[in-house]
Amino acid sequence: MDRKLRLAIAGAGLIGRAHWMRMVANSACELIGFADPFPSATALAAEAGVPLYPDLEALLAAARPDGVVLATPNALHVPGALACVAAGVPALVEKPVADSVAEAERLAAAVEASNVPVLVGHHRRHSAVLEAARETIAGGRLGKLVAVTASATFHKPDDYFETAWRRQKGGGPILINLVHEIDNLRALVGEIVEVQAFASHAARGFEVEDTVAINLRFANGALGTFMLSDAAASPRSWEQTSGENKAYDHHADQDCYIIAGAHGSLQVPTLRVLEYAGAASWFSPMVRSRVDMQETDPLARQLAHFCAVVRREVPPRVTVRDAMRTLAVTLAVAEAAHTGLRVAIPS
Ligand SMILES: NC(=O)c1ccc[n+]([C@@H]2O[C@H](COP(=O)([O-])OP(=O)(O)OC[C@H]3O[C@@H](n4cnc5c(N)ncnc54)[C@H](O)[C@@H]3O)[C@@H](O)[C@H]2O)c1
């Protein structure tokens, strides 16, 4: 397949636009249509100069794309991906992969029974920062992993909460934001097998949580703490420290994760390393250095990867089953916060 890949997007909203803009910048593919039943989509389709179909099925039948990006609301991810698999069309499905683990399992089984690849849009897996941090840890430089101190503390503006569902159960930072963080920590540290959590809505007073303190147990024996808040005047979030999404105020000198092993520790995203030259002891000086990294746009890299997946050159970097595990841990945090119990994540 030397010609340009003909890609389509279902869901002409916020992230649908972001995907289209990456397609414009990528000479290996072109957008050939949007599917979206709402009139608000007309303007974006006109701007992109492509047809607008009323639903995914119409798009699949009429446009016959090489691949589809599913940028629709969460509840439509599984039905949309199943329709693509049935039509034999590879899909990039936005995160979270599904609303429930059972739905994700249903999709994973269908994908595995087909020969149609499905990539899940955990775009930070394509981040150069995450890759460099992951290689540093996997290379053994920190020694056996011991402790993770992580945070996503930021302040969403008041008008964000004018939309009713964002003030209600399920609309809070656990299901909207934590899913990205859990995926990062799984990629960096390994599988998470048990969680505990305290949630509070004391800052905003809405039904939904605004702040959550989380404990994590990793399969390799390391423990982690995670502080999550969308009401905290603090930039210690991936968005504000990595600078990958230019929409957010960037704090290049701050970190959101500290990953400590028995020999050294790594701060992310600044990639500063503190390590012992000899035997580890708090009486001995630690050597400071920084891991080299070339900044990239994770969404652009994700699209380039998706093109390679569509061409069957590489398997999806984030499979449905992999994303299902991230979802299971995220839902376990919600359950732990709700019940006050420790929640184990089945393997
Ligand atoms: N990877 C990321 O960082 C990231 C960022 C934002 C959103 N997302 C995910 O992307 C998805 C969409 O989020 P958004 O912020 O763009 O939402 P949005 O509301 O801006 O856009 C969703 C679009 O889907 C359309 N839609 C609704 N029903 C449809 C249907 N049956 N067929 C086709 N289109 C339909 C809506 O009209 C809307 O245009 C969500 O799952 C969200 O979690 C991911």
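Summary of values
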| read-out | value |
| --- | --- |
| Test: residue in region 203-214 that is closer than 24 Å to Glu131 by Cα and open to solvent by 10 Å² or more (accessible area, probe 1.4 Å) | no |
| Verdict on Ala133 being within 30 Å of Ala233 (Cα to Cα) and open to solvent by 20 Å² or more (accessible area, probe 1.4 Å) | no |
| Spans of strands (runs of 3 or more DSSP E) in region 253-347 with at least 2 residues open to solvent by less than 50 Å² (accessible area, probe 1.4 Å) and in contact with a Phe, Trp or Tyr (Cβ under 8 Å, 6 or more places away or on another chain) | 264-268 |
| Failed item, numbered, when Thr163 is tested on (1) within 15 Å of the ligand (Cβ to nearest atom); (2) over 22 Å from Val333 (Cβ atoms); (3) at pLDDT 95 or above | (3) |
| Tally of residues being open to solvent by 10 Å² or more (accessible area, probe 1.4 Å) and either over 22 Å from Arg317 (Cα atoms) or within 12 Å of the ligand (Cβ to nearest atom) (or both) across region 64-79 | 8 |
| Subset of region 97-112 that is open to solvent by 10 Å² or more (accessible area, probe 1.4 Å) and part of a loop (DSSP other than H, G, I, E, B) - its residue that is farthest from the ligand (Cβ to nearest atom) | Ser100 |
| Count - residues of region 214-245 that are farther than 14 Å from Phe154 by Cα and outside any loop (DSSP other than H, G, I, E, B) | 8 |
| Residues of region 81-95 satisfying the condition of being open to solvent by 10 Å² or more (accessible area, probe 1.4 Å), more than 9 Å from the ligand (Cβ to nearest atom) and not in a helix (DSSP H, G or I) | Gly88, Val89 |
| Residue in region 34-60 that is farthest from the ligand (Cβ to nearest atom), counting only those that are surrounded by 19 or more Cβ atoms within 10 Å (Cβ to Cβ) and within 25 Å of the chain's Cα centre (by Cα) | Phe34 |
| Test: residue in region 113-120 that is more than 16 Å from the ligand (Cβ to nearest atom), part of a helix (DSSP H, G or I) and on the phi < 0 side of the Ramachandran plot | yes |
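To keep it simple, each residue is scored yes or no on (1) out of contact with any Pro (no Cβ under 9 Å at 6 or more places or on another chain); (2) at pLDDT below 95; (3) outside the structural domain of Asn220 (by TED's automatic domain parsing).
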position: Val85; (1), (2), (3): yes, no, yes
position: Ala104; (1), (2), (3): no, no, yes
position: Glu131; (1), (2), (3): yes, no, no
position: Ile137; (1), (2), (3): yes, no, no
position: Lys156; (1), (2), (3): no, no, no
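The values are calculated or read from the model by the stated rules, or taken from the named source; none is laboratory data. Just so it is clear, the structure is predicted and the values come from calculations on it, not from any experiment. Here Cβ is always computed from backbone atoms with ideal geometry, including for glycine, and neighbour counts include all displayed protein chains. Only protein heavy atoms, including side chains, enter the accessible area calculation; ligands, DNA and RNA are left aside. Shrake-Rupley method; radii C 1.70, N 1.55, O 1.52, S 1.80 Å.
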